[in-house]
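The values are calculated or read from the model by the stated rules, or taken from the named source; none is laboratory data. Treat the numbers as computed from the prediction; the structure is a model and nothing was measured. Heads up, the Cβs are rebuilt from the backbone with ideal geometry, glycines too, and the neighbour counts pull from every protein chain shown.
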Amino acid sequence: MNEDARRIESYRLEKASTLIDLAFNDPLSCANLHLIFPTYKYSIAPMKIIATTHSSFPRIGEGLDEQKLRRAYTSLEKKKIGKAEFEEIQDGLVKEFISIQESAGCGLVTDGMIRWYDHASHIAGHLRGFEINGLLRFFDTNYYFRQPIAGDEIGEGDGGLADETAFVIENAALPVKSVLLGPYSLAKMCRNKSSMKFEGLCHRLAEILGFEVERMASKGTDYIQIEEPAFAREPKDFELLRKTVDIMGRKKGKAKLILTFYFGDCTPLIDRLPEIPADMFGLDFTYSPGLSEKLIKRGCPGPVSLGILDGRNTKMEKAEKVAISLKNILAESDIEECHVTTSCGLEFLPRQYALKKLELTSKVAGILNG
């Protein structure tokens, strides 16, 4: 590399984050990047770029037809319908959301967590030995979860979570991603009435959830996303997290394990993430102001699911600007696969905006794929 080329390359690396900021705030700069860098291309082939739902989707919308689930819950409580009929309605809504994802251009689908009342009680309700208590706020959102109570007799589940995965696989034409709240976050959200201390409870939950990972993998799911929002806020227990992921990872079979963080700053974790035996890492950019710059300087810690679109804000990002940002982040990363997604599940948005965000992920991935 001659001196001029070396100087240009050094400038590009040092100023990449400034260029991204410029592109986000000045439409002309976005359109004229090829004048600044004549060889600039959006595409980062041969890296595989996949648009995907993060996890959840709004179960209820504003239109009458989008409130089937609410009416079904009411009818179930009033005993106007039975459990079987209620589950049939849920099945229909899951099929509907699979179709929505396929039509939006996603390359990977979830069940939208349509059957989940919340992140914690749905998991605990399918496991042995948990009681379900009152409502607590789900981090800094306006949503609430029913707090599980963990005793000494907690154990392997009833297979219901894997059955939900099987239903998606049977009804989807695309690869499938299953979702589980991770043992660290579940332990944080539980009321611990067992004789175990926090670390012991985390290990026990990792073993129990490992059985669920094994069951999901045996059904044929392609990805299993382990969500750890609590850890992103309290990253001091890194070794504990690493051990719990290792326990679950041994059970994943051919499925890829995605360890996902949100609602907290991921930037301090980046350098140590390669120590964790996960196949991919999911990162929330909205809570991580220095994340883009960090990844531009060091590269990604491995295959990544980049939550660069704000899953809690109805404002629509510009696809071309997001693509520029991702291109600069991924340019120095020697990885084979990247997922484009939102910062968190879409359940926090009105349904019409959630759909637009979903379509936006596909548009960004399409630009990057050339």
(request) Check whether at least one residue in the stretch 308-316 is touching a residue at least 40 places away in the same chain (Cβ under 8 Å) and either over 17 Å from Phe285 (Cα atoms) or not assigned by TED's automatic domain parsing to the domain that holds Tyr287 (or both), and report yes or no. (result) no
(message) Please go through (1) modelled with pLDDT under 90; (2) out of contact with any strand residue (DSSP E or B) (no Cβ under 8 Å at 6 or more places or on another chain) for Glu85 and return the number of the only condition it doesn't satisfy.
(response) (1)
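Residues are listed down the side, and each one gets a yes or a no for (1) surrounded by fewer than 20 Cβ atoms within 10 Å (Cβ to Cβ); (2) at pLDDT below 95; (3) assigned by TED's automatic domain parsing to the domain that holds Val179; (4) among the small types (Gly, Ala, Ser):
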| position | (1), (2), (3), (4) |
| --- | --- |
| Arg250 | yes, no, yes, no |
| Gly253 | yes, no, yes, yes |
| Thr260 | no, no, yes, no |
| Leu269 | no, no, yes, no |
| Phe281 | no, no, yes, no |
(request) Collect the residues in the stretch 78-99 that are in contact with a Leu (Cβ under 9 Å, 6 or more places away or on another chain) and free of Cβ contacts under 8 Å to residues at least 40 places away in the same chain, keeping them in residue-number order. (result) Gly82, Lys83, Glu85, Phe86, Ile89, Gln90, Leu93
(request) Go through the residues of the stretch 103-114 one by one and say whether even a single one is assigned by TED's automatic domain parsing to the domain that holds Asp284, at positive phi and among the hydrophobic types (A, V, I, L, M, F, W, C). (result) yes
(request) Any residue in the stretch 54-77 that's free of Cβ contacts under 8 Å to residues at least 40 places away in the same chain and under 28 Å from Lys177 (Cα atoms): show its pairings with residues that are among the basic types (Lys, Arg) and part of a strand (DSSP E or B) at Cβ separation under 9 Å, as long as the two are six or more apart or on different chains. (result) none
(request) All but one of (1) more than 25 Å from Met280 (Cβ to Cβ); (2) of a type in the set (D, E, K, R); (3) surrounded by fewer than 16 Cβ atoms within 10 Å (Cβ to Cβ); (4) modelled with pLDDT under 95 hold for Lys41, so report the exception by its number. (result) (1)
(message) Among (1) under 27 Å from Gly61 (Cβ atoms); (2) over 13 Å from the mean Cα position of the chain (by Cα); (3) small (Gly, Ala, Ser), there is one condition Gly370 misses while meeting the rest; what is its number?
(response) (1)
(request) Could you run through the stretch 332-351 and say how many residues are farther than 18 Å from Val109 by Cα and over 14 Å from the mean Cα position of the chain (by Cα)? (result) 7
(request) Hey, can you tell me all the residues within the stretch 328-346 that are of a type in the set (Asp, Glu) and part of a loop (DSSP other than H, G, I, E, B)? (result) Glu332, Asp334, Glu336
(message) Step by step: first the residues of the stretch 144-182, then only those that are out of contact with any strand residue (DSSP E or B) (no Cβ under 7 Å at 6 or more places or on another chain) and exposed (fewer than 13 other Cβ atoms within 10 Å of the Cβ), then the one that is modelled with the lowest pLDDT. Which residue is that?
(response) Asp158
(message) Please determine whether any residue of the stretch 100-117 is without any contact (Cβ under 8 Å) to a residue 60 or more places away in the chain, closer than 24 Å to Arg204 by Cα, in contact with a helix residue (DSSP H, G or I) (Cβ under 9 Å, 6 or more places away or on another chain) and not charged (D, E, K, R).
(response) yes
(request) Give the stretch 119-145 a look and list any residue that's acidic (Asp, Glu) and either within 24 Å of Val340 (Cα to Cα) or touching a residue at least 60 places away in the same chain (Cβ under 8 Å) (or both), or say none. (result) Asp140
(request) Take the stretch 354-363 and flag every residue that is surrounded by fewer than 18 Cβ atoms within 10 Å (Cβ to Cβ) and hydroxyl-bearing (Ser, Thr, Tyr). (result) none
